[in-house]
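Single-structure report; data block below.
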Amino acid sequence: MTTSNKRVLVTVKPDTYATLERLAAAQGDPVATCITKLLDEQRPILDMIATSVEAAKQGRQQAAMQSLQAMTGKVLGKLSDAMTKAGRKKKS
């Protein structure tokens with residue numbers, strides 16, 4: 001079976017792996033699937049980080065700052081949504 005997905009070998013610290021194991025177990029997934037899901041969910045943020053770093057490397061500091069500000073806004077929005085959702089579950 002041919003797949004277009006790419007494989008990456010990643011080395012993590014033991015405490016990071018333990019956290020990933022806990023999360024994977026809570027989700028009922030293997031650790032590799034857990035990592036894939038995390039990266040896929042955070043891809044928009046990773047894109048913004050890449051854009052910011054590229055802009056800074058090219059000397060476009062204003063563009064880098066704007067990208068970082070947009071990223072921060074999105075992250076805070078997602079955090080707010082997650083906390084609201086968690087609060088609703090707690091009340092149930």
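Read-outs throughout are calculated quantities, based only on the coordinates presented, and are distinct from any laboratory measurement. Everything numeric here is computed off the predicted structure, so don't read it as measured data. Neighbour counts are summed over all protein chains in view; Cβ atoms, including those assigned to glycine, are modelled from backbone coordinates with ideal geometry.
For the listed peptides 81-87, 54-60, a ranking on the average number of other beta carbons within 10 Å per residue, highest first, reads 54-60, 81-87. In a fully extended conformation the segment linking VAL8 and ALA70 would gain 19.5 nm over its present Cα-Cα distance, using 0.36 nm per residue. Relative to the globular-protein estimate of 2.2 N^0.38 Å, the Cα radius of gyration of the chain stands at 1.40. Here the spin labels are modelled as points 7 Å beyond Cα on the Cα-Cβ line, and at THR16 and ALA56 they lie 1.8 nm apart. For the range 43-92, what does the alpha-carbon gyration tensor say about shape, rounded, prolate or oblate, given a ≥ b ≥ c as the root eigenvalues, a/c under 1.5 as rounded, and a/b over b/c as prolate? Because a/c hits 1.5 or more and a/b exceeds b/c, the range 43-92 counts as prolate.
With contributions of -39500 (n - 2.57) from each DSSP H run of at least four residues, the per-residue ellipticity at 222 nm computed over the chain stands at -26000 deg cm²/dmol. Here's the list of aspartates and glutamates a cross-link from LYS57 could span, going by alpha-carbon distance under 17 Å and ignoring same-chain residues fewer than 8 apart: ASP47. Put a plus charge on the Cβ of each Lys and Arg, a minus charge on the Cβ of each Asp and Glu, and nothing anywhere else: the dipole of the range 14-91 about its Cα centre is then about 480 debye.
A Förster distance of 22 Å, applied to the separation of the beta-carbon atoms of ASP29 and ALA82, puts the FRET efficiency at 0.70.
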